[in-house]
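The values are calculated or read from the model by the stated rules, or taken from the named source; none is laboratory data. A quick note: this is a predicted structure, and the numbers were derived from the prediction, not measured. Methodologically, a virtual Cβ is constructed for each residue, glycine included, from the backbone with ideal geometry; neighbour enumeration extends over all protein chains shown. Quick note on the areas: whole protein, heavy atoms, side chains included, nothing else; ligands and nucleic acids left out. Shrake-Rupley method; radii C 1.70, N 1.55, O 1.52, S 1.80 Å.
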Amino acid sequence: MTGKWSKRTQAVHGGARRSQYGELSEALFLTQGFDYPSAGAAEARFIEAGPDEFIYARYGNPTVAMFEDRLAVIEGAEAGFATASGMAAVNGALMAGLKSGDRVVAARALFGSCLYILEEILPRFGVEVAFVDGTDLDQWQTAVTPGTRAVFFEAVSNPTLEVIDTAAVAGIAHAAGATVIVDNVFTTPVFSRAIEQGADLVVYSTTKHVDGQGRCLGGAILGPRAAVRGPVETYMKHTGGAISPFNAWVMLKGLETLDLRVRAQAAGARAIAEALTGDARLARVIYPGLESHPQHALFPEGGTVLSIDLAGGKDAAFALLDRLEIWKISNNLGDAKSIATHPATTTHKRLSGDRKAALRITPGLVRLSVGLEDPNDLISDLKSALAGA
Ligand SMILES: *Cc1c(COP(=O)(O)O)cnc(C)c1O
């Protein structure tokens, strides 16, 4: 299918490969290996495999390839490599291009496991990592010294929803010769413009919105063909971070409904943020879709997640969580089911008190991932839980 069609159309049809049966719904190829027609054909494939030639499922598989191509086409990237989880994608995007002596600059507001890779693993191998406040361009300008190898950030941070100016950071990074790696989970492929804003590699945990129904783990690294089919694929295929074909098939079918789901979830998040704004029991309502958000202009679509900060601190936050009927207490996001999380005691528990304070992960902060239920029900549930708390 040619690239002239819109993202939403490509999300339904892009990357499809048909077997001899002409099946309409994409097939699930649960196979690790492939039968070569001759010894010569096997030899030729090991020298260079064509786009529809596979060797071993750790390297590639037809169902996985459909998922990679469909996601790449809607992201506007030349190529993609699908991974076992979002963390396999973050690890692969970083490790594939780094060596001892390199310098990386990262935004300090990061998902816990991303922080672990940057803070604990990379320095063990002689990679120097500096952290900046991702919303402060002066800090990027100072930290990204000439020869810096890569910059890494979450375009919208978790759980405080700071939005980073991808185009401006990419400009600073490229001037120093650094590769720009963006973890774009909160933006979602629906609202992402990361490639046109200058990202070199875009990383997703497809566990989140792409599956969108909380079933499977998955991830992807998207970018120029030379990088993805070169160092990224070489690193991933030899270190074992391949996605299961079954999970890739779930994700591939998830892409068909991604646009509808994410737009409905974002509309719900906006309605909830507006309904809670001004509530005296809340010290903050954080949602990039609100004009009151400091980086509203960078992400006016707002996404599917908001955070609220209860003035009554941890006790009030726990009382709210324990009174909710529809919202589930969990730590996933992007799911069809609405999920409430208390970051300070779960996802961000590992951070010291000082770092929590610097990131404003306060005891009263509750992250709300908005699902596909009726937004009016979600608002009623929150309001009655708040009244009881
Ligand atoms: C969930 C998440 C990850 C990790 O993804 P997994 O699929 O759980 O490995 C990485 N970055 C961000 C921003 C996430 O939200």
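Taking all protein chains together, Phe186, Phe318, Phe34 sort by accessible area into Phe318, Phe34, Phe186, largest first [probe 1.4 Å].
Dipole size of the stretch 258-388 about its Cα centre, with +1 on Lys/Arg Cβ and -1 on Asp/Glu Cβ: approximately 540 debye, rounded to the nearest 20. Could you grab the relative contact order for the chain? Cα pairs under 8 Å, six or more apart, rounded to a whole percent. The normalised contact order for the chain reaches 17 percent. Stokes-Einstein diffusion for the chain at 25 °C, viscosity 0.890 mPa s, with a Kirkwood radius from C-alpha pairs, works out to 113 µm²/s.
Of the trypsin sites (Lys or Arg not before Pro) found in the stretch 26-119, those in coil by DSSP whose Cβ has at most 11 other Cβ atoms within 10 Å are Lys99. Solvent-accessible surface of the chain, averaged per residue with a 1.4 angstrom probe and all protein chains in place: 42 square angstrom. Once the Cα atoms are used to define both axes, helix 166-175 deviates from the longest principal axis of the chain by about 60 degrees. Karplus-based coupling profile of the stretch 58-66, in residue order and whole Hz: 5, 8, x, 7, x, 5, 4, 5, 4, with θ = phi - 60° in 6.51 cos²θ - 1.76 cosθ + 1.60 and x standing for Gly or Pro.
Here the dipole of the chain is about 380 debye; that uses its Cα centre as origin and unit charges on the Cβ of Lys and Arg (positive) and Asp and Glu (negative). With the charge dipole of the stretch 305-368 set up from +1 on Lys and Arg Cβ and -1 on Asp and Glu Cβ about the Cα centre, the Cα lying farthest toward the positive end among the listed residues Ser338, Gly353, Gly312 is that of Gly353. Of the residues Phe125, Ala93, Gly15, the one whose Cα sits farthest towards the positive end of the charge dipole of the chain is Phe125 (charges of +1 on Lys and Arg Cβ, -1 on Asp and Glu Cβ, taken about the Cα centre). A simple count of charges around Ala242, restricted to other residues whose Cβ falls under 14 Å of its Cβ and scoring Lys, Arg +1 and Asp, Glu -1, yields 0.
Applied to the stretch 192-197, the Karplus parametrisation 6.51 cos²θ - 1.76 cosθ + 1.60 on θ = phi - 60° returns per-residue 3J(HN,Hα) values of 5, 10, 4, 5, 5, 7 Hz, with x for Gly and Pro.
In this structure, the amide hydrogen of Arg284, modeled 1.01 Å from its nitrogen in the peptide plane, lies closer than 5 angstrom to those of Asp309, counting only residues at least 5 positions away or on a different chain.
Trp5 contributes an accessible area of around 130 Å² to the protein surface, as traced by a 1.4 Å probe with all chains present. A simple rule links phi to the HN-Hα coupling: the Karplus curve 6.51 cos²θ - 1.76 cosθ + 1.60 with θ = phi - 60°, which for the stretch 259-276 gives 4, 4, 5, 5, 5, 5, 5, 5, 5, x, 4, 4, 4, 5, 4, 5, 5, 8 Hz, with x for Gly and Pro. Among Ser19, Ser292, Ser307, the largest mean-square fluctuation in a Gaussian network model of the chain, built with springs joining Cα atoms closer than 10 Å, belongs to Ser19.
Each Lys or Arg adds one and each Asp or Glu takes one away; over the other residues whose Cβ falls under 14 Å from the Cβ of Val156, this sums to -2. For the chain, modelled as a GNM whose springs connect Cα atoms under 10 angstrom apart, the maximal fluctuation among Gly240, Gly212, Gly302 occurs at Gly240.
Each stretch of four or more DSSP H residues adds -39500 (n - 2.57); spread over every residue of the chain, this sum gives -10500 deg cm²/dmol at 222 nm.
The C-alpha atoms of the chain define a longest principal axis, and helix 86-95 lies at about 70 degrees to it. Pairs of C-alpha atoms in the stretch 171-302 farther apart than 27 Å represent 33 percent of all such pairs. Comparing Phe46, Phe131, Phe111 in a Gaussian network model of the chain where C-alpha atoms under 10 Å apart are linked, the largest mean-square fluctuation is found at Phe46. Computed over protein heavy atoms with a 1.4 Å probe, the carbon and sulfur contribution to the accessible area of the stretch 7-255 reaches 54%. Using only Cα coordinates, the Kirkwood hydrodynamic radius of the stretch 258-388 works out to 14.7 Å.
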